[in-house]
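Have a look at the structure below, then the notes.
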Amino acid sequence: FSAHKVASMGAGPLYMRLQRLLEDAISSGILKEGEALPTERDIAELTDLSRVTVRRAVDDLVRQGRLIRRHGSGTFVAPTVSRVEQSLSLLTSFTEDMARRGLSSRSEWLERMVAAPSPDEMMVLGLSMGDTVARLERLRIADDVPMAIERASIIGSFLPDPASVTDSLYDALGKRSARPCRATQRISARNVDEREASLLQVIPGEAALYIERVSYLPNGRVIEFTRSVYRGDAYDFVAELKIPE
Ligand code: 16G
């Protein structure tokens, strides 16, 4: 980084030129995926720009998902998302899907509690007043890339202790002989709101897929009602089509 380089980045406000310089450094591999950015103070010194200008350029790139700010440890080049192809005819779990692709998966817990069911949950899960639901909201992450926000509601009697779910929900249900064997899924288009954008590290308003899954036990009982927001830039949903009989 240098004042000369910033000046060479064409016209426009200084923060935009610095932004272009940073984007170039990322796309040309000078700054690599996961690598730490010099501190804002160092960039300001090297480029003769004010801290305010540097911050503005970095803030924009964080908002666009090109950089990630980790509190206490600095700013890093965001890992690039490679699109994931997801079959629409198989009932699998996120953990299994990612493992099959050789990706590691983890989750950040946003909510994990037992609650009284909402009217929606009562209707879909067939619950009455006095019944409970286990609510598990997670940010699902594959190889450090946030992929989806999933809010699962499970009939409380099948999962009395939601804290027992550490990694895979379907594994936890399997251990209680309550793993679903069939599901219906509805997919629609949606633009992410501020909260979703900051969790998924995309720009607010970015395209996403809103997915509702209702899944069933072998005896036909509904067990799961999950509402998710999947990143539009990370998923291709694929189905096999047949001629109607
Ligand atoms: C999938 C499912 C979700 C399910 C989760 C369990 C969608 C679109 N997908 O992500 O309903 O709760 O797998 O994953 O809803 P886990 O066993 O890894 O926790």
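For (1) out of contact with any Asp or Glu (no Cβ under 9 Å at 6 or more places or on another chain); (2) among the charged types (D, E, K, R); (3) within 16 Å of Arg227 (Cα to Cα), each residue gets a yes or a no:
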site: Ser153; (1), (2), (3): no, no, yes
site: Gly156; (1), (2), (3): no, no, no
site: Ala163; (1), (2), (3): yes, no, no
site: Asp167; (1), (2), (3): yes, yes, no
site: Ala172; (1), (2), (3): yes, no, no
site: Arg176; (1), (2), (3): yes, yes, no
site: Cys181; (1), (2), (3): yes, no, no
site: Arg186; (1), (2), (3): no, yes, yes
site: Asp193; (1), (2), (3): yes, yes, yes
### Residues being of a type in the set (A, V, I, L, M) and farther than 17 Å from Ser2 by Cβ - total across the stretch 17-57
3
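Which ones in the stretch 177-207 are more than 19 Å from the chain's Cα centre (by Cα) and loosely packed, with under 14 Cβ neighbours inside 10 Å?
Within the stretch 177-207, the first condition is being more than 19 Å from the chain's Cα centre (by Cα), and the residues that meet it are 177-184.
Residues satisfying the conditions are Ser177, Cys181, Arg182, Thr184.
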### Message
For the stretch 113-143: of the residues being among the hydrophobic types (A, V, I, L, M, F, W, C), modelled with pLDDT of 95 or more and not in a strand (DSSP E or B), which is farthest from the ligand (Cβ to nearest atom)?
### Response
Ala116
### Task
Under 9 Å between Cβ atoms, at least 6 apart or on separate chains: pull out the pairs that start in the stretch 159-187 with a residue that is farther than 19 Å from Glu96 by Cβ and end on any residue that is within 12 Å of the ligand (Cβ to nearest atom) and assigned to a loop (DSSP other than H, G, I, E, B).
Ile187/Leu88
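The values are calculated or read from the model by the stated rules, or taken from the named source; none is laboratory data. All figures in this text were calculated on a predicted structure; none of them were measured in a lab. Cβ sites come from the backbone with ideal geometry, for glycine too, and all protein chains shown count toward neighbours.
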